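Beneath this line is the structure, given in structure tokens, with notes to follow.
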2 protein chains.
Amino acid sequence: IGLNVTQICLTKECTEDEVSELNDDPRVHGVHLRLPPASLTSRVLNALKPEKDVDGISDLNMGRLVRGDLSKGFVPPRASAVMDLLEKHGIHLIYVAVMALTFPSEGTPFKRRQSMQNAGVADKFNCSRWLQAQQYQPWHLQCLKLQPLTPVPSDIEISRAQTPKPVDQLAEEIGLLPEELEAYGRSKAKVRLSLLDRLHKQPDGKYVLVAGITPTPLGEGKSTVTIGLVQALSAHLKLNSFACLRQPSQGPTFGVKGGAAGGGYAQVIPMEEFNLHLTGDIHAITAANNLVAAAIDARMLHEATQSDKALFNRLVPSVNGVRRFSPIQISRLHRLGINKIDPASLTPQDVSTFVRLDLDPSKITWQRVVDTNDRFLRKITVGQASTEKGQMRETGFDIAVASEIMAILALADSLEDMRTRLARMVVGTSRSGQPVTAEDLGVSGALVVLMKDAIKPTLMQTLEGTPVFVHAGPFANIAHGNSSVLADKLALKLVGRDGFVVTEAGFGADIGMEKFFNIKCRTSGLRPDVVVLVATVRALKMHGGGSNVSAGAPLPREYIDENLSLVAGGCQSNLRKQIQIAHLFGVPVVVALNVFKTDTQAEIELVCQMAKESGASDAVPCHHWAQGGRGSLDLARAVNEAASRPSNFQFLYNIEMPIVEKIRTIATKVYGADDIELSPEAVAKIDYYNQQGYGSLPICMAKTHLSLSHMPDKKGVPTGFVLPIRDVRASIGAGFIYPLVGTMSTMPGLPTRPCFYDIDLDPVTEEITGLF
Amino acid sequence: IGLNVTQICLTKECTEDEVSELNDDPRVHGVHLRLPPASLTSRVLNALKPEKDVDGISDLNMGRLVRGDLSKGFVPPRASAVMDLLEKHGIHLIYVAVMALTFPSEGTPFKRRQSMQNAGVADKFNCSRWLQAQQYQPWHLQCLKLQPLTPVPSDIEISRAQTPKPVDQLAEEIGLLPEELEAYGRSKAKVRLSLLDRLHKQPDGKYVLVAGITPTPLGEGKSTVTIGLVQALSAHLKLNSFACLRQPSQGPTFGVKGGAAGGGYAQVIPMEEFNLHLTGDIHAITAANNLVAAAIDARMLHEATQSDKALFNRLVPSVNGVRRFSPIQISRLHRLGINKIDPASLTPQDVSTFVRLDLDPSKITWQRVVDTNDRFLRKITVGQASTEKGQMRETGFDIAVASEIMAILALADSLEDMRTRLARMVVGTSRSGQPVTAEDLGVSGALVVLMKDAIKPTLMQTLEGTPVFVHAGPFANIAHGNSSVLADKLALKLVGRDGFVVTEAGFGADIGMEKFFNIKCRTSGLRPDVVVLVATVRALKMHGGGSNVSAGAPLPREYIDENLSLVAGGCQSNLRKQIQIAHLFGVPVVVALNVFKTDTQAEIELVCQMAKESGASDAVPCHHWAQGGRGSLDLARAVNEAASRPSNFQFLYNIEMPIVEKIRTIATKVYGADDIELSPEAVAKIDYYNQQGYGSLPICMAKTHLSLSHMPDKKGVPTGFVLPIRDVRASIGAGFIYPLVGTMSTMPGLPTRPCFYDIDLDPVTEEITGLF
């Protein structure tokens, strides 16, 4: 909102160091020296960088400037022009004076004083104090006490029994400035990205990834391990830590899942806020995604029913007799190789090329989305009303988190970067085989506007009052399944050099972790220090040969009784292999055994022993579900220890390798396949992507998470298989190629009795029931 | 969240009056007297109502209670049981002690002290001061200065040039308590409904409706008049005032409209926040609406593919060997006349009746919604994927604001009321002709949960820093087109007895105002004091016989040059008739002439003179667009004057009249029709609604807004026509019957060059361009 001005008083005691900090601060776009002549010493003038010297006052012959000139309304030479520029661009300006009281209160020399005040010279600061406040602040976290009950109550009961700290208090405790926070109610707030600029000199903390062995269909508790670990680190070991989590989709919350905020005494609270709406990011993605979809169909209709000339006259309308291209249209012209600015100078051929996207209806890859489990929208026919003049076509809806825009949100590392990615999203192909982008549709600016708040991570807290970022939640098969780069980056600055950021990868380590390293870390430039590999006795028994486990059915006997040989089988196969996969990337592994109440002491000890024999730095049982952070203390200590060792991180493949080779590398080295086999469609798509210049994008495998192979029922470590690549697709905006191994459902359905049957709200107390 | 406890110190100077205020405060659910024995006087004990006496301490024999008992852990007899109850229901409890320091700091008598502290005994107040803070507070509004420029810049430039006050400052200025506010960023906040309880004794302010004459397709500026009027009242006449506005749909914002926050120097700021996402209410409506839709289709699929027994076993699953109905299922059983609680006691016939909604696919009235102008979704076929087993059917999407849930949000007057309305929404008809409701689908509790924050109005401000509520925005044809009852009620309490609440009705007075009176005021019980009728010289000329006006085309000559006879024609016809319509309801009318720069002085004077001759209390020109509140001072004075006169409000029809008679009354008395003509479908539907017991709902006419008649090109005062009723539909949750006069589009489309071509954001300054 307008010109952002902060007035800082530079006292006479101000040091060159302080001026030099203003020089280095990327948030300070200019310094206006309102100094009484007596203070215009060369000391101050020489300290200020010329590009930040708004007034150009350092150019002046000092002898000319006397108090009389100032009080008569003298305007420093460059001030007026620079101020105009700053004002036009709404640039953050730091306003420095020796002391306000040395100035006449009325009729100050600076003509724009009035407009600057209107533009919000909010506060006046002492410079040293202002600079001090901008520094990294040590945490003074007030943790919330936990008194775990036995038996462990339901998740919503535990969440409700704990009163979260006001989010602004939490923010203050971890060193956020009030102006970096945008509260959404009492217990959630968005954090502004300007934090990255303020703390750009601050060293990052340790970076911990939580991944899992190949899970049963019931899930093995990566989220609870993540939350339990930060509760242990921050609330018990007094080491700064942050959990970075994915925002869950509302669809499954009302379908079969009922919530995804952790569980037991390791939760994000209030869990109902976490699970519903949050701060609207998924709604923003839905709005942006569906605006693109509406633009595609409307454009095809308009192209089908209008001449080149009519299209041109509407796309470049005459306003008060003048036709002008909008900036987004000039970008398209540029991409088309038509380097003209004057609409009148286009040839009829230019006009036709410009106005016709000529989308091939059978090659539109963009789908609509909705954040609801609505299986009847998987395949639909649109355009059946008479107003659409017969332009009907088959298409479908995905669940909102499957939108490419979600993957972009998770990978973008600035507003500018998000804007670039949104503009280059490919929505389909023209009849002549050219990719058509969101920018071609003229819609990319509107998408950024819809997403401008979604890019800021949301701050919440665990049951023990330790901080959590919730941000983004892309699919883990057709996308990379990791929370956002930006949340991790903000958290790494906030925790400080000795602190920890614990982030989570979707699915098993073969999928989520591999993508975390090869896609997310490659994009972000961040390097992980430790991998926490989550295992359960249940999943290990399954890999050791236990019978099938499925949601809704009672667990077979061997999962309830002690069975050391099944456990050993699972450790030797899947656990060992997943540890080896992490070691391919040069990162130490700590195995976290998520303990269930049916696990026996012998089983627990066996897992820990065998994990260490397989190369894990350490392996410890975790009791966070029943005990909160206190139950994960051993894990916290093990992670702290592992993080102090050197990590030799390396990527699995060079990004410039051919697409086929990159796929083959993942299949053989990570999954243990003998080779890959490409369908003719896959071969054709790879050729097309190479030809379009997409060859050096990383690979995002869309494979089942229930096996290391492509066959969900092959547990343990399958060998002797060839991985079939059915098709290959691309998310050009997000920046990856995704080969399809089998069929991926991108729209869940509702069961006969969805969770919503039990969800309700007491209209008097506003308490929610039925989330779990 | 949990038990809400406020600790208040009752000093010895405390009066009986103060205790009696605690008795009367509906937010105080119990008072726990932690008094040292010396203070347990009959004075205090007698003052407290027994039902608020949590401890039952007033029952005690005073002689028994000595300090020794207390310090030894004495628990007052009723305390423990009552506290359990309160805790279970999360009830707001006021905690009263003489002074904390008179108690031992450890080992206090009250066993639950620890759990109460965890539950958030946030602050300790002096009782008198606490009670004082609960009283109505006079405003101390700091208005923002406006310095209008000539020529008037674009809306976004004007909005951006003004820095809004922080919303918590605005809230404090108008007497909101900090705990009544939920900030969403810096410039928007939701206001909690508990305000209504706190100020329940406070008299309401004056209630002003802004309506319009029959508009041109370009719109005549009702929103700018509304905003200009409150700017004039609050910032210039120093009379408390609130504008209550509708939240705009995002669809048209990116289509052709580009924004709806007023215009020129009468705007809500920041306008981009107003126009995009706001606080997520429309997103919540979309989520709720589409959950119902997904539930309908999934249920039909499950019923089509499962036996009664299989359905029953899934709908009432055995959990640890026990089957139980959920409360929502018991409601359905009750409606079906099966008064059984034990699932085992149902006969096979009961089971079949219970598990089969037996929806007739051709009679499903529920549509999906999306907040995007997506014309290709007007008519679609869903369920074409093989997983849906051939259960495909034709349906469609509406724009989100056309959802019945939006109409419910606008009419609900509490969370409880919203819950009832959501549950009774009819989504279709069974094959045997019975209505099927959201509660039958088991989804109504989840809907309330999704809508729990949306029910709180959003506080924003005008360009001059005066308060605005933005809340709800139902369609003005298939729904009633008015902002929410709750926002009006909150605002009427906040402005105080002499203050003004200015609310706006959609379309012309014949539609928006008629529905405001007959539907909204009937539901809310509120009575309007003044109608402001907005007219423009442009629209009056059209009614006087000027040629057609349409969006995008240049205005014909007669609209730019002075033409007194056309103006006079419009005044004699449409303006006079609309004034008469307001008088049917017994409410005084002030005509606000929204002045355009092409209007001549003679034209302006003619309108004002003729309006007064037609019965308006006053008629004044308004210049808010160019001048802000200062330009609407005459209107503010006229409204203040008119509001001091007695208003004799009456409804147009008795709610118990037959449906047909209610429709005929509106058609003849308001529209000037000779009679109505019902299609056979309309007759059949009315019979059906009568039979279902919906006969005494009010009527919500779905008619064009471009003419008093059903024929959009008949301007002025059409006569001699019979109003055709093509069909009749019902929104049972919202609570009205809506006859269709012609075809209503509920999904707009995108033009060849939508607004989004110009919408963009500067990634450095985050400034938005292209909204207007």
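The values are calculated or read from the model by the stated rules, or taken from the named source; none is laboratory data. As the structure is a computational prediction, the values presented were derived from the model and not from experiment. Here the Cβ is made from the backbone with ideal geometry for all residues, glycine too, and neighbour counts use every protein chain on show. What goes into the accessible areas is simple: the full protein's heavy atoms, side chains included, and nothing from ligands, DNA or RNA. Shrake-Rupley method; radii C 1.70, N 1.55, O 1.52, S 1.80 Å.
So, of the residues in the range B:699-712 that are open to solvent by 10 Å² or more (accessible area, probe 1.4 Å) and touching a residue at least 24 places away in the same chain (Cβ under 8 Å), which turns out to be nearest to B:Val660 (Cα to Cα)? Once the filter is applied, the top-ranked residue is B:His710. Selection over the range A:318-350 of residues that are surrounded by 15 or more Cβ atoms within 10 Å (Cβ to Cβ), over 22 Å from A:Leu447 (Cβ atoms) and modelled with pLDDT under 95 gives a count of 1.
Here is a yes/no grid of residues against (1) surrounded by 18 or more Cβ atoms within 10 Å (Cβ to Cβ); (2) closer than 22 Å to B:Met406 by Cα; (3) at pLDDT below 95; (4) within 14 Å of chain A (Cβ to nearest Cβ):
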| residue | (1), (2), (3), (4) |
| --- | --- |
| B:Ile666 | yes, no, no, no |
| B:Leu678 | yes, no, no, no |
| B:Ile725 | yes, no, no, no |
| B:Asp760 | yes, no, yes, yes |
| B:Val764 | no, no, yes, yes |
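How many of the residues making up the range B:428-451 are in a loop (DSSP other than H, G, I, E, B) and of a type outside the set (D, E, K, R)? Qualifying residue count for the region: 7.
The criterion of at least 2 residues that are within 11 Å of chain A (Cβ to nearest Cβ) and in contact (Cβ under 8 Å) with a residue 12 or more places away in the chain is met by the following helices (runs of 4 or more DSSP H) wholly inside the range B:263-374: B:271-275, B:281-305, B:308-315, B:327-335.
If the condition is being of a type outside the set (Ser, Thr, Tyr), open to solvent by less than 30 Å² (accessible area, probe 1.4 Å) and within 7 Å of chain B (Cβ to nearest Cβ), then the range A:730-753 contributes A:Gly749, A:Leu750. For the range B:189-214, a residue qualifies if it is within 23 Å of B:Gly481 (Cα to Cα), open to solvent by 10 Å² or more (accessible area, probe 1.4 Å) and out of contact with any Leu (no Cβ under 7 Å at 6 or more places or on another chain), and exactly one does: B:Lys206. Would you point out the residue of the range B:390-417, among those that are assigned to a helix (DSSP H, G or I), of a type outside the set (Gly, Ala, Ser) and more than 8 Å from chain A (Cβ to nearest Cβ), that is farthest from B:Gly735 (Cα to Cα)? If we take residues in the range B:390-417 being assigned to a helix (DSSP H, G or I), of a type outside the set (Gly, Ala, Ser) and more than 8 Å from chain A (Cβ to nearest Cβ), then B:Val401 is farthest from B:Gly735 (Cα to Cα). Filter the range B:627-668 down to the residues that are in a helix (DSSP H, G or I) and without any contact (Cβ under 8 Å) to a residue 24 or more places away in the chain and list them by number. If the condition is that a residue be in a helix (DSSP H, G or I) and without any contact (Cβ under 8 Å) to a residue 24 or more places away in the chain, then B:Asp634, B:Glu661, B:Arg664, B:Thr665, B:Thr668 are the ones that fit. Note on the range B:143-167: residues that are in a helix (DSSP H, G or I) and either among the small types (Gly, Ala, Ser) or in contact with a helix residue (DSSP H, G or I) (Cβ under 7 Å, 6 or more places away or on another chain) (or both) amount to 4.
Restricted to helices (runs of 4 or more DSSP H) entirely inside the range B:559-615, those with at least 1 residues that are open to solvent by 40 Å² or more (accessible area, probe 1.4 Å) and more than 24 Å from B:Asn548 (Cα to Cα) are B:576-584, B:601-613. The numbered conditions (1) outside any helix (DSSP H, G or I); (2) open to solvent by 10 Å² or more (accessible area, probe 1.4 Å); (3) under 25 Å from B:Ser707 (Cα atoms) are all true for B:Arg538 except (1). Please go through the range B:182-198 and pick out each residue that is out of contact with any Gly (no Cβ under 9 Å at 6 or more places or on another chain) and farther than 15 Å from B:His471 by Cβ. B:Gly185, B:Arg186, B:Ser187, B:Ser194, B:Asp197, B:Arg198, listed by residue number. For the range B:375-389, filtering for residues that are assigned to a helix (DSSP H, G or I) and open to solvent by 10 Å² or more (accessible area, probe 1.4 Å) leaves 3.
Residue count for the range A:523-533 satisfying the condition of being surrounded by 24 or more Cβ atoms within 10 Å (Cβ to Cβ) and at positive phi: 0. B:Lys520 falls short of the stated requirement of being closer than 29 Å to B:Trp139 by Cβ, open to solvent by 10 Å² or more (accessible area, probe 1.4 Å), at pLDDT 95 or above and under 12 Å from the mean Cα position of the chain (by Cα). Could you check the range B:499-513 and list, in sequence order, the residues that are modelled with pLDDT of 95 or more and either closer than 16 Å to B:Gly735 by Cβ or in a loop (DSSP other than H, G, I, E, B) (or both)? Result: B:Gly499, single match.
Checking the range B:250-262 against the condition returns a match, with at least one residue being open to solvent by 20 Å² or more (accessible area, probe 1.4 Å), in a helix (DSSP H, G or I) and more than 10 Å from every other protein chain (Cβ to nearest Cβ). Checked against (1) out of contact with any Ser or Thr (no Cβ under 9 Å at 6 or more places or on another chain); (2) within 14 Å of chain A (Cβ to nearest Cβ); (3) in contact (Cβ under 8 Å) with a residue 60 or more places away in the chain, B:Pro164 passes all but condition (1). If I filter the range A:487-494 for residues that are in contact with a Leu (Cβ under 7 Å, 6 or more places away or on another chain), in contact (Cβ under 8 Å) with a residue 12 or more places away in the chain, open to solvent by 10 Å² or more (accessible area, probe 1.4 Å) and outside any loop (DSSP other than H, G, I, E, B), do I get at least one hit? Yes.
Looking at B:Pro178, B:Pro217, just one residue is open to solvent by 60 Å² or more (accessible area, probe 1.4 Å), within 24 Å of the chain's Cα centre (by Cα) and either under 20 Å from B:Glu504 (Cβ atoms) or free of Cβ contacts under 8 Å to residues at least 12 places away in the same chain (or both), and that residue is B:Pro178.
Each row is one residue, and each column tells you yes or no for (1) closer than 20 Å to B:Ser241 by Cα; (2) touching a Lys or Arg at 6+ places or on another chain (Cβ under 8 Å).
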{"residue": "B:Ala602", "(1), (2)": "no, no"}
{"residue": "B:Ser617", "(1), (2)": "no, yes"}
{"residue": "B:Pro621", "(1), (2)": "no, no"}
{"residue": "B:Trp625", "(1), (2)": "yes, no"}
{"residue": "B:Gly631", "(1), (2)": "yes, no"}
{"residue": "B:Ala642", "(1), (2)": "yes, no"}
{"residue": "B:Arg645", "(1), (2)": "yes, no"}
{"residue": "B:Asn648", "(1), (2)": "no, no"}
{"residue": "B:Pro658", "(1), (2)": "no, no"}
